[in-house]
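Let me begin by presenting the structure, written as C-alpha cells, before commenting on it.
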There are 2 protein chains.
Amino acid sequence: MADGSSTVHARALLQQCLHAHLQVRPADGDAAAQWVEIQRGLVIYVCFFKGAEKELLPKMVNTLLNVKLSETENGKHVSILDLPGDVLIIPQATLGGRVKGKNMQYHANSGKEEGLELYSQFVSLCEKALAANSKCAEAGVAVAHGTYGNRQVLKLDTNGPYTHLIEF
Amino acid sequence: MADGSSTVHARALLQQCLHAHLQVRPADGDAAAQWVEIQRGLVIYVCFFKGAEKELLPKMVNTLLNVKLSETENGKHVSILDLPGDVLIIPQATLGGRVKGKNMQYHANSGKEEGLELYSQFVSLCEKALAANSKCAEAGVAVAHGTYGNRQVLKLDTNGPYTHLIEF
C-alpha cells in the first residue's frame, strides 16, 4: 500500500516523449490553429491546489528538472537537464479532480486567477533554469508551454511514456 | 489544498484520445513489432500497490468505466460505456513511484507476480463489462491492453487528454 501525503499543494505528472505537439491557440475564422512542438524530452502536466503559494515553485522546478527519469541512448536515466531535452508544460487542472460517484469534483483546485499566476511563474522559472544550464543552452533545448484555460490538444509520440506522478 | 487518502491500493490515470497505438510485442530479429490500436476512447494507465487484493477490482472497473469523462460530439461528458468508445489499458508501474531526491522509489508497488495477476484480472473484467453492455456491443468497441512488463511504446492523438487521476 502507498501512504497518502497529508496536504498536497500541487500535482505534476511526467511523461517522456520523442515528439509532442500542443495546440496553443485554436483555429479562429480564417486564422489557423497555432501549435508548439518539442522533440525528445519531458512533458509536465501541472495542477495547483488551493493554498499553493509561489514559494513552492522553485522547489517544484528543482525537483522536476533534476529527477532522473529521462532515458539516454544507452538506457541510463538522467535528468531532463542532463539529457538534455526539451520540456513541454501543460496546464492540467483536471489532475486536481476527485471522483464522487460518476462525477469528478474539483473543490480543492486553486482559483482561476491564482492558478494562472502560479502556472505562469512555474513556466518562467523552468525557462530560466534551462537557459541558465550550459548543457541545455548549447544543445538549444527549450521550454514550450500550453495556454492556460484552453483545451490542451496534444499529440504525443513516445518510446514508452514512463509516466510518473509527483506531488508537492 | 487536497487531502491525502490514508491508504492507496491502486492508482489509475485516465486520458481521452482520438487514436492510440500501443506496442504489445517488440521487434525480434525478422519479426516486426506488434501493436494494438484504439479509436476514440479512454486510455487507462494502471498501477497496483502492495496489499491490493482482487476484491478491489470490480469496484475499480465499475468506477473507471462509469465515470463521466468522455466528451460527446456536443460537448457533454458521459462514461466510456455510454459514449461508447474503445478502452486501452496500459500497465504503468511507474505510477507507483515516490520521489526521493533525484530518484524515484517504488517500494510500495506490488510484487511482479501479484501485479501481473491483478492486471490480468482487471483487463478481463473490463473486457467482460464492455461485452455485456449492449450499446458497446452494438458499436463494436473493444478493450485493448498492453503486455505487462514490456516497454509501453505509445503514440497518442487527442482532442485534449483531459487527464484525471483516480486512486483506490
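Nothing in this text is a laboratory measurement; each read-out follows from the coordinates by a stated rule. No experiment lies behind these values; they were computed from the predicted model shown. Don't worry about glycine lacking a Cβ; one is built from the backbone with ideal geometry, like all the others, and counts go over all protein chains shown.
With viscosity 1.306 mPa s and temperature 10 °C, the Kirkwood radius over alpha carbon pairs of region A:54-168 converts through Stokes-Einstein to a diffusion coefficient of 100 µm²/s. Take A:LYS68, move 7 Å from Cα toward the beta carbon, and the resulting point lies 4.7 nm from the same point in each other copy, nearest first.
Across identical copies of the chain, A:GLY29 has label-point separations of 6.3 nm, listed in ascending order, with the point defined 7 angstrom from Cα along Cα→Cβ.
Modelled label positions at B:HIS21 and A:SER120, each set 7 Å beyond Cα in the direction of Cβ, lie 4.0 nm from each other. The modelled label-to-label distance for the pair A:ALA33/B:TYR106, using points 7 Å beyond Cα in the direction of Cβ, is 3.4 nm. A Cβ-based charge dipole, computed about the Cα centre of chain A with Lys and Arg at +1 and Asp and Glu at -1, lands at about 480 debye.
With label points defined 7 Å past Cα in the direction of Cβ, position A:SER6 shows copy-to-copy spacings of 1.6 nm, given to one decimal and shortest first. In sequence order, region A:137-147 has phi-based couplings of 4, 4, 6, x, 6, 8, 9, 10, 8, x, 8 Hz under the Karplus curve 6.51 cos²θ - 1.76 cosθ + 1.60, θ = phi - 60°, and Gly or Pro positions carry x. From the Cα gyration tensor of the protein assembly as shown, with a ≥ b ≥ c the square roots of its eigenvalues, which class applies: rounded if a/c is under 1.5, or else prolate if a/b is larger than b/c, or else oblate? Rounded shape, in that the Cα axes give a/c under 1.5. The mean count of C-beta atoms from other chains within 10 Å of the C-beta of residues in A:98-108, rounded to a whole number, is 5.
Cα centroids of region B:44-63 and region B:78-151: 9 Å apart. Taken residue by residue and averaged, Cβ atoms of other chains lying within 10 Å of the Cβ of A:49-58 number 1. In the elastic network of chain A, a GNM with C-alpha springs shorter than 10 Å, the most mobile of A:VAL87, A:VAL143, A:VAL99 is A:VAL99. Within 10 Å of each Cβ in peptide B:15-25, how many partner chain Cβ atoms are there on average? Round it to a whole number, please. So the per-residue partner count for this stretch is 2. Pairs from the table (A:LYS54/A:LYS102; A:LYS59/B:LYS102; A:LYS102/B:LYS128) lying more than 24 angstrom apart at Cα are A:LYS54/A:LYS102.
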